[in-house]
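Data first, discussion second: the structure below is written as structure tokens.
The values are calculated or read from the model by the stated rules, or taken from the named source; none is laboratory data. From a predicted model like this one, the values you see are computed outputs, not experimental measurements. All Cβ positions, glycine included, derive from the backbone under ideal geometry; neighbour counts span all protein chains shown. Remember, those area values only see protein heavy atoms, side chains included, never the ligands or the DNA or RNA. Shrake-Rupley method; radii C 1.70, N 1.55, O 1.52, S 1.80 Å.
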Amino acid sequence: MANRIEDEIPGNIQITDAESFYSTLLTLDRDIIDRTTARFTHDRGLTSLEMFPWDETDDTQTHLEADMYAPFSLLANTILRCAVREGHHVHSHWISRANHYPRSLDEDSSLFRPDGCCALGDQTGYCAALDILESLESDDESGGPSSLEQAQVLATIVARYADVRVRYYQPDSGQETPKAHPLEEQVQKLRKCIEDLTIAYPETEYMADGVLQEDLKKRLNLVLNEATETLKFIDGPPKGKSQEPVDQLLERTHQAIRFMYRSLPVFKYCKASRKKLRTMKSSCGLNQVKKLEKTATLWWLRVVAPLEMKPVRDAHSVRVGSAQLLRCMRLVLRNQLDRQFVFGILVCGQYMRVFFCDRSGLLTTTEWIDLHDPEDTKTFVHVVLALSSIKVAKLGWDETMKLHRQSVSLPSRLQFEYSTDPCVRLADYGKSSYETQWAIFVPDEKGSQTGKWYVTVRALSLSQAEVMAGRATMVWMVKELNDDLRTVKEDSSGVIKVLKSAWNRAGSYFQTEKDLRGDVDLKHVVDIQISVPVGLETIQTTKTSSAIRGKIQGYVSTWKDGVGFSERAATGKRKIVPEPSGDLFDHRTALERSDGVASTLISRVLTRTVMRTYGWPIKFFKDRVELVTVLRDNVVGHRELYFKRMVAHRDASTGNVMISVVGRDVTNTQGVLIDLDHAKKADKRCTANMDKLGWDTFWIMMKSRYKSFNNADLALTLWQRCQGDIVQTLALVRWSASRANAFEPGRGIDDSKWDSVQEQLQLMLSFPLLGPNFDLQGHFSEDKNWPPSWVQSQHKSNLEGITGTPPFISFEVLTSPSQPYPTGSLNLRSDMIQFSPVHSAIHDLESLFWIFLYLCLTRVGPGGARRKEFDQSPVGRAPDDPVTKLHTAVWCLFENTSESLAKNKLRLFEHPHLLKDFLIPLMDEYFAPLHQLLIDWWDLLRWSYHTYDDLEQGLIHLKLISLLSKAVEELKESRVDELDMERNDAVKEMTETELERRRVDLERYWSFPAPYDPCSAPRVALEPVSNAASPKAARGGTHIAGASSTAAAQPESPTPRSGPARKRHCGMSDTLSGHRKGGEESDSMSVEGAVKQPVFK
């Protein structure tokens, strides 16, 4: 998690003045702030603040970090009590848990629970009970009447509070009308006692001589006894031994306080967590970490704002404290899926600073709040009171999401509540984040109050939910709800709907997935019903637009393992004061920061997309025919997008190349390309060269330049291929001469070898994959066959940084700035801007190749099972050990840093024999029938890169489709899959298990909202955790707490984000290497000599 933060926050952190921050993000009525501050000050609040975090005159105090949380929580709750007395409603309170988390786990154990926080839970009754306690413990000698009045108040508080909690404690009954809870009977009895006592002893009647009258004593005892019975449901029998009514009243008041406090959901979660966590051992492995995360999730569901403290304010404390705070804030976003943004508080010594994080990054204040400075007291009260009382939507909760209360819902009557509602219980959530169900609103259009509600059946991808600066994509299977929000709408179409929620870029320039795809008929491309922004953008994109951050225009700051810090203090009137040693105050429009990290801060808006396409990631292929068919279909889908919509996908990955079921037969599938989050659209097409030389002039020039060039038919083909461009023609002739060893630098082409040069030209100009009768000129006579022109479109997206999933990105766009493959024929390239390639069709088709290669290297067969070799560590093994070589290959090509990935992909391009001699022998024997397809595909890509102009860009899809279609036919004719099912029990079992998993997956959807029994699902083996990382790790993916036990069934994120790779094991090389036959090193292989026209068999 620390690595993920370091990947996201640098370049996405801003600071602003405190006044703008608090008035915009924590808006609160000034009158209640003033009145609460006045009461807090009157109640010696300033003295308490001056004593925080500890009494400097007390030598017995330890001055430890853990000792700071309880005093701070007490101060904050005191402010809430003052606000309640002023008639202000609060919905949250402050708690300290500094001594209730395990200290002996791994270094990230502190991530799983903060030491203190503001947590949801109505504290009004608790505050009132404290007031009663203080009143009864005062030195008021009149005691009797006061005791009577307080007894009535206390009983009323308990009754009212218990009444509210009845719904919370109500057990599941499985009936339309739940039975009355026993607590209700106690509440009614208690209310009757209060009424009788009030009638018998009106306020004007007092006790004589300070002694309770006998009748009064009986009635008071009756009230207290009934209150005790009510409290037994939480606390058990009373612990007080005294029979005196006043003493019992004090004891009952203490019990009432405990009742108010312990009945809050957050306390129960904490208590359950502590009990379980204490049993864990210090030597913690992966399973224990998962258990810890799952247990801690119970508590994170109710956190409003986490709190992190350090004893002193210095550079180290600020850096470490802010890093720890952000981890807690990140976990809030991970666990609270209906949270759009989150606040956090950092306290260092007597100084406090507030942090805010939405999906655009981090925002904090330039000034610290000095708790010892009376001038800052009102600001402190403002922050505490705002976090505890303003509308939960202003604290980040999404008003367009409601929790499905699974513990009380019936199939015929679903119940939804906001997750912040006091009635929500832990049982209302699912067993994991993936099993938790929501009602989600999708408006008809941007800004519309009308739309449709969808209920989620289960989550498909939540791995990006915690992202603090990015899309934070979440995906669910959904069904549409009727207008009553109680029943599911009947749908006989047989279509499975999927809802994706993502924070896409805001602004008129950026298009939604629906805008990019359009309504035209596109084969093998995701079918999008609607894609619409929901709510406010994070940062203003125009002067008139509304934003979560309002009109705040912050300044770029630095982040390096934490926020920067300066000891310069603000003096006089509050204003923006630079902190040169840590915070850089250059405006965000600067292209480069002084620390070398480009500012990537952008405005985002929550966008919801409903799709009528469902399937499984390509790694869950059932056999080889399906695997290759899905790859081919995705090439077809890519071509449909590319030519009909002029859209480049730019993010082909194992999560976006899908196996989609046709109808309900899980064996009848097709490939579908999904997720257009990273796509770009051109507004112009390439066109024929209107300035080209005429054929007669061209032929005269060629004969004049090359005396031995006498093949007119070849020259005509060359003229058509180069569109009469003489510069491109000369480049092709020179390249062909180099391949024929006929080109001598400084002297030109050797005439004696001209026949060989013409053979190379003929070979290059042929189209073996497109058939002997392919008409090049006729094909490009139609405008629709011309590809998009990214160079002419000049979109901003052409100049963006790396886009896509790093393990599967081409070398040409994996580097920054992008660099072309060294082909020696750059004059042919028509996709270059400032000598850098623009992301176009060939790069996406290369990504599909890397996906194919990755699956062949890492999978053992059908169903997505990962090879057992990844359970074995390469440490201590010889470099030529098969396990070491496999780990090294996957590490070098898919799991290393982006820089190393690029280097190794370039190496494979320059030395293609490594594919056959080094990589293919490492694959499981199941993929043997696909070896030649891998070789031919790579040869096709390399050849196309050498001749990649507008025409090649328009033909490469057709070539690859032909290659893959031929492979599918050969696989079907050879019946390799059928024979494996007959002869290989292991393959048969994997195939049948995968098909059964699909059936259960679909059946669960179609049967919803009927309860789902996880035990009925097949036992699908979990994907083993590799000692090397996976592409999910390379892009920064993590396993979510509480994820389903059938994790193999969860698709990878449709919008992966790049991230740091895992640590390399000892003995593993960072460079892809291999040996030629005979032991000769491969490093000296000639680039030019390695390029040949592929022979497709």
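Considering only protein heavy atoms and a probe of 1.4 Å, how much of the accessible area of the range 813-883 is carbon and sulfur, as a whole percent?
Details: 1320 of 2460 Å².
For the range 813-883, the apolar C and S fraction of the accessible surface comes to 54 percent.
Could you rank 962, 789 by how accessible they are, 1.4 Å probe, largest area first?
Largest to smallest exposure gives the sequence 962, 789.
Sticking with the crude label model, points 7 Å out along Cα→Cβ, report the distance from residue 700 to residue 982 in nm, one decimal please.
6.9 nm
Protein chains only, probe 1.4 Å: how do 31, 1001, 750 rank by accessible area, largest first?
Solvent-accessible surface, decreasing: 31, 750, 1001.
Quote the convex hull volume per residue of the range 15-96, based on C-alpha atoms, as a whole number of Å³.
Values: hull volume 10.8 nm³, N = 82.
Looking at the range 15-96, the number lands at 131 Å³ per residue.
Give me the distance between the Cα centres of the range 324-376 and the range 840-870, rounded to whole Å.
Comparing the Cα centres of the range 324-376 and the range 840-870, I get a distance of 42 Å.
Excluding ligands and nucleic acids, what accessible area in Å² is computed for residue 491 using a 1.4 Å probe, to the nearest 10?
So the heavy atoms of residue 491 present about 80 Å² to solvent.
Could you give the distance between the Cα centres of the range 903-944 and the range 395-445, to the whole Å?
The two parts, judged by their Cα centres, are 49 Å apart.
Under a 1.4 angstrom probe, counting protein chains only, how are 431, 402 ranked by accessible area, largest first? Don't jump to the answer; show the numbers that get you there.
Working: 431 155, 402 45 Å².
Listed by decreasing accessible area, they come as 431, 402.
Obtain the nm distance between the two label points defined at residue 444 and residue 372 by a simple spin-label model: each point lies 7 Å from its Cα along the Cα-to-C-beta direction.
About 6.2 nm separates the two model spin labels.
Provide, in order from the shortest bin, the percent of all Cα-Cα pairs of the range 740-863 in each 5 Å bin, continuing until the bin that contains the maximum pair distance.
Result, from short to long distances: 2, 8, 12, 14, 15, 15, 15, 12, 6, 1, 1, 0 percent.
Quick one: accessible surface of residue 319, probe radius 1.4 Å, all protein chains present, in square angstrom to the nearest 10.
Accessible area of residue 319: about 80 Å².
Given labels modelled 7 Å from the Cα in the Cβ direction, how far is it in nm from residue 759 to residue 196?
11.5 nm
Could you pull the accessible area for residue 891 with a 1.4 Å probe, rounded to 10 Å²?
Here the accessible area works out near 10 Å².
When N counts the residues of the range 882-1021, how does its alpha-carbon radius of gyration compare numerically with 2.2 N^0.38 Å, as a ratio?
1.42
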